[in-house]
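Report on the structure given below.
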Amino acid sequence: MAELQQRTILHICTDPLLRDTIRDIIAHQGYAVDTASSLDLGRSLAKSNDYDLLIVNVHGDVPAIMEFCEEMKTINPSQMVAFLAGRWTYIPKHSACPDDVIPKD
């Protein structure tokens, strides 16, 4: 019988308290979680590891976050990317990125 592989998630967030809290919540659900404190570190990790999901906390430079998402989709079109955002209004309409938006509330 084949052993099930644990799903892996990369959470990118510049706020250390929020990043650690969300990591703990996701890990408690049984996922392996890596974290990144910047888009640059997240980009490096995503390029060198195979993640089931990238979660990007949206509370900063939305154009840079959109560029990051589009880059990840170009490298791996099946890569799932979700934004953790306060409002949908942050996300440009009719965009292929992200796959989903997780509301912060």
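The values are calculated or read from the model by the stated rules, or taken from the named source; none is laboratory data. Keep in mind that what you see is a predicted model, and the values were worked out from it rather than measured. Cβ coordinates were reconstructed from backbone atoms using ideal geometry, including for glycine residues, and neighbour counts include every protein chain displayed. Just the protein is used for accessible areas: all its heavy atoms, side chains included, with ligands, DNA and RNA removed. Shrake-Rupley method; radii C 1.70, N 1.55, O 1.52, S 1.80 Å.
Before moving on, here are some points about what is shown:
- Over 23 Å [Cα-Cα, the chain], rounded percent: 22
- Positive-end extreme of charge dipole, the chain - chosen from MET66, LEU41, CYS13 (charges on Cβ): MET66
- Structure remark: mean-square fluctuation, Gaussian network model of the chain, C-alpha springs under 10 Å; the largest value among LEU41, LEU17, LEU54 belongs to LEU17.
- Between ILE55 and LEU10, HIS11, ILE12, ALA82, the built amide H atoms are under 5 Å apart, and every one of these is 5 or more places off in sequence or on another chain.
- Probe 1.4 Å, accessible area per residue of the chain, Å²: 64
- Here's how it looks for GLY86: its modeled amide H is under 5 Å from those of LYS104, which are all 5 or more places away or on a different chain.
- Comparing mean-square fluctuations of ASP61, ASP34, ASP20 from a GNM of the chain with C-alpha springs under 10 Å, the top value falls on ASP61.
- R0 of 30 Å, Cβ-Cβ distance LYS104-ILE75: FRET efficiency to nearest 0.05: 0.65
- Long-range HN-HN contacts of GLN79 with modeled amide H, under 5 Å: none
- Charge dipole (debye, nearest 20) of the chain; +1 at Cβ of Lys and Arg, -1 at Cβ of Asp and Glu: 160
- Cβ-derived FRET efficiency at R0 22 Å, ALA96 paired with ASP61, nearest 0.05: 0.70
- Normalised by 2.2 N^0.38 Å, with N the number of residues, the alpha-carbon radius of gyration of segment 24-84 equals 1.09.
- Shape call, segment 3-55: gyration tensor on alpha carbons, a/c limit 1.5: oblate
- Net +/- balance of residues flanking LEU54 in space, Cβ distance below 13 Å, scoring K and R +1, D and E -1: -3
- Of all beta bridges that DSSP places with both ends in the chain, some 0 percent have antiparallel geometry.
- Theoretical FRET efficiency, 1/(1+(r/R0)^6), r = Cβ-Cβ of ASP52 and ASP15, R0 25 Å, to 0.05: 0.60
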